[in-house]
Every structure is written in C-alpha cells, then in structure tokens.
Amino acid sequence: MLGAVAVLSAILLFPSAQAFTITGVDRSSQETRPQHETPPRIISVTAKDFDFEPAVIHMKVDERVELDVTSSDKTHGIRITAFPDGAKVNTAPGLSFANGEDCWKLKKGEMVEIGVVPTEPGTYTFTCCKLCGSGHKKMRGQIIVDPQK
C-alpha cells in the first residue's frame, strides 16, 4: 500500500516521467567503510640478494599499513609472524592481516600487497619462506610496532 502511494506521488510530482521504478537494495551483506577512514600508509619492500630492503620497518599500533613487496632478482617469499618475538604461550597475535596467507610468494618483478594492522607493540620478525639459495636462512627483517601516541 505504501509503495503504491509512493508511485502515485511520484507520478503526480513528476508528470513528464515516462517510467518510474522503485527498487530496494539490501546492503546488510555489503562491507561498509566509514567515510572518514584514512587510506593505509604504503611501504615498499624489495627482496633481493638474500636481503630485504628496508630490513627494519616501523609502524604504530592501529595504523593501517600496506606492504608492497617485490622481488627484483628471483623468486622469494615473505612470512611475517603475527606474534611478537619472545611471546609467551597463549599470547594473542599482535599483527592483523587483510588475508590469511602464511607465506606470500614473490615472483621476480611482480608486486604483492600485504595489508596489516598492528594491534600490539613489539618486534615482529619476517623471513624468506621460499628456498632461494645459499643465503636463504639469513634473509630476514623486523617490524617494530610502537605504541600510538
């Protein structure tokens, strides 16, 4: 009944309209983002010659960060631990990732985006997770999460 009244009102208010359709959209299942949400800070990381550059990355608690990781010489990988170095058993993870990857494969020349939000201060280690040669085991870096000020 209310829909018919809306259509009749629209016809009376807009007599020149040839056709008028009212459709409802269920947005309850769509992801909504606050309009004031700032975009993530983007940090470029390069994997090459058994090293990550930069090897130390600083972040703040609750800061949205996108790591844009590229390999410049061969296939590497990156594994970022979600738990701070030296964490005790049953410690909650201190890094939250946009997807559930454990090891991101880095093909030569291709960029991989890794969304991360730090939730706890601490130092977090990242390593190469694809056997890449004789220096593979020393290929590591750190994410240092500082408290928000």
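Approximating the spin labels as points 7 Å out from Cα along Cα→Cβ, the residue 98-to-residue 75 distance works out to 2.4 nm. For segment 40-146, lysine pairs separated by 8 or more sequence positions, or belonging to different chains, with Cα-Cα distances below 18 Å total 19. Amide H contacts under 5 Å for residue 119: 62, 95, 96, restricted to partners 5 or more places along the chain or on a different chain, H placed in the peptide plane at 1.01 Å from N. As a proxy for reagent exposure, ranking 117, 65, 89 by other Cβ atoms within 10 Å from fewest up yields 89, 117, 65.
For segment 67-106, taking the reciprocal of the average inverse distance between every pair of different Cα atoms yields a Kirkwood hydrodynamic radius of 12.0 Å. As a calculated quantity, the FRET efficiency between residue 55 and residue 89 at R0 = 22 Å, using C-beta atoms, amounts to about 0.20. Counting charges near residue 81 (Lys, Arg +1; Asp, Glu -1) among other residues having Cβ under 11 Å from its Cβ returns a value of 0. Modelled spin labels at residue 107 and residue 41, positioned 7 Å past Cα toward Cβ, are 3.2 nm from each other.
Across all Cα pairs in segment 40-146, the calculated P(r) in 5 Å bins from zero up to the longest distance comes to 3, 13, 24, 26, 19, 10, 4, 1 percent per bin.
Quick note: the coordinates plus some simple rules give every number you see, no bench work behind them. It should be emphasised that the depicted structure is a prediction, and the values quoted were computed from it without experimental measurement. In this analysis, Cβ positions are derived from the backbone assuming ideal geometry, glycine residues included, and neighbour counts consider all displayed protein chains.
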